[in-house]
Amino acid sequence: MLSVTEFFKNAVVNLFRPQKLGRTVSKLNMMLKNRTSIFTPEPLKNAVQDFFGRSTSLFAPALAGDGRLKTRIAVVSATKGGEGKAVISNYNRPRGQNITREEDHSNDMRVWEAAMATSATPYYLPPFEKIETSTTYLDGSIFGCCPAQIAYEEAVALWPANSPALDLLVSLGTGLQIDYQPHTPSISSFTGFTGSLSVISSMMQRQMDVEKCWIRFQSGMPPAIKSKLHRLDPPLDDDQRQAFDDASKIEELVSTTKAWIAKEPGRNQIRDIAHKMLANLFFFEPDDNSVARAAERVGSIGSGENHLSGSIRCRLHRNSGGLRRLLTEKVDSLWYTVVAEGSLVDEWMVANHIWKPLRVTDESPELSRCVDLDAGEWTVKVGVNLKDRFGSNRLHVIALRVRDTEKYIPISGFPATLAELVERASAPWLQ
């Protein structure tokens, strides 16, 4: 089977292959309304069908019924001639607020259909029509070619108030082209587009300002969220810049990306993100009895203390090879600190805070001791007792030390006040 990179390269090269009669003839046919795009969608459709299968349902993971957690995915598209947003996903929102889920699951999106719906960029490709529902879709770039904000909005919709905060959001760019104005098709070229001209104009402007869209989204977030937003976008030199449909530079882009990954700052960015992903494999699970007692005292005022006890667990399967490698090769130890509200920093360096080890045994804080030796299985369950004075807004932080860094990286759901932890534990949980 092809790797994802090889699949993408082959699909792009075949899709944007030079036209037999030339681009000028294609443009003329568009003006005469003989066709609705410069390129035909069949090469992309065939590539996606061959890679994912012709009948694979986007909801297939949810219908598998084997009880395992499945990756939830979503793509952004547009309907109603470009004036309506559609989030095509393989999960259900709470309270039935799914945008594109059909009553009859046989009409649900197939994987290849979702790919075509989110790729139908006006001028370059025609709108995609799903025959079963008579719905026409256009590329989601009409609403924003940097979909990080939509992903964040989806997270808020999936996990309502009192649920765990965002752990990590990574936006992947296609090459940072600073002060570069790509070719913009004329408005008269959009013969297959039924939306208003203002929608078209806004779409084209956003396509040229991907980095600005990301900066606007990031700057509008509170500090606790902003520190968890990351974007990987290798900068391109002047001679590496390319048009939207210039498939001749695919190999050059691959080489540029590999070179960026191999040196600073790209290598550091990816390493930091990888460390945070490792840390977010661990989470705090409060004891039920402790939650009930703490919930009664949340908001109390006085000199007494509130307590919340529980365990630190890991999302990897019990006794799995992945968990064994994680504990023995990657991570070192668990630590704890409390900081004043408003003193957030991204890396939680030891120079700024006093960290205490969460000791699994009296002799060592090493996380590799977090194994159920009596059962002969690899698992993680570290007992923790959090406490704070009533009404405190101090932030509790449980952090992980990874073996090749001195940084203290918060685990999933942290930093948080004790009251926030209690509220989350008391809220309905979306699995």
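Work out the FRET efficiency for GLU406 and ARG216 from their Cβ-Cβ distance, taking R0 = 51 Å, and round it to the nearest 0.05.
It comes out at approximately 0.90.
If you count, for each residue, the other Cβ atoms within 10 Å and average over each peptide, how do 211-219, 106-114 line up from highest to lowest?
Values: 211-219: 15.4, 106-114: 19.9.
The densest-packed peptide leads the list: 106-114, 211-219.
So for PHE283, PHE414, what's the accessible-area order with a 1.4 Å probe, most first?
Numbers: PHE283 55, PHE414 5 Å².
The ordering from most to least exposed comes out as PHE283, PHE414.
Just in the range 224-274: which trypsin sites (Lys or Arg not before Pro) are loop by DSSP and have at most 10 other Cβ atoms within 10 Å? Can you show the working numbers first?
Working: sites: LYS226, LYS228, ARG231, ARG241, LYS249, LYS258, LYS263, ARG267, ARG271; in loops: LYS228, ARG241, LYS263.
Sites meeting the loop and neighbour criteria: LYS263.
In sequence order, what are the phi-derived ³J(HN,Hα) couplings for the range 312-326 according to the Karplus relation 6.51 cos²θ - 1.76 cosθ + 1.60 with θ = phi - 60°, rounded to whole Hz, with x for glycine and proline?
8, 10, 10, 7, 6, 4, 4, 6, 7, x, x, 5, 4, 5, 4
How much length, in nm to one decimal, is gained on full extension between ASP288 and LYS249, taken as 0.36 nm per residue of separation minus their Cα-Cα distance?
Numbers: separation 39, 0.36 × 39 = 14.04 nm, distance 5.68 nm.
Gain on stretching ASP288 to LYS249: 8.4 nm.
Can you pull the one-decimal nm distance between simple spin-label points at ALA274 and SER309, each 7 Å off the Cα toward Cβ?
Going from the ALA274 label point to the SER309 one covers 3.9 nm.
The values are calculated or read from the model by the stated rules, or taken from the named source; none is laboratory data. As the structure is a prediction and not an experimental result, all values here were calculated from the model. Positions of Cβ are generated from backbone atoms using ideal geometry, with glycine treated the same way; all protein chains shown enter the neighbour counts. Side chains included, ligands, DNA and RNA excluded: accessible areas come from the protein's heavy atoms. Shrake-Rupley method; radii C 1.70, N 1.55, O 1.52, S 1.80 Å.
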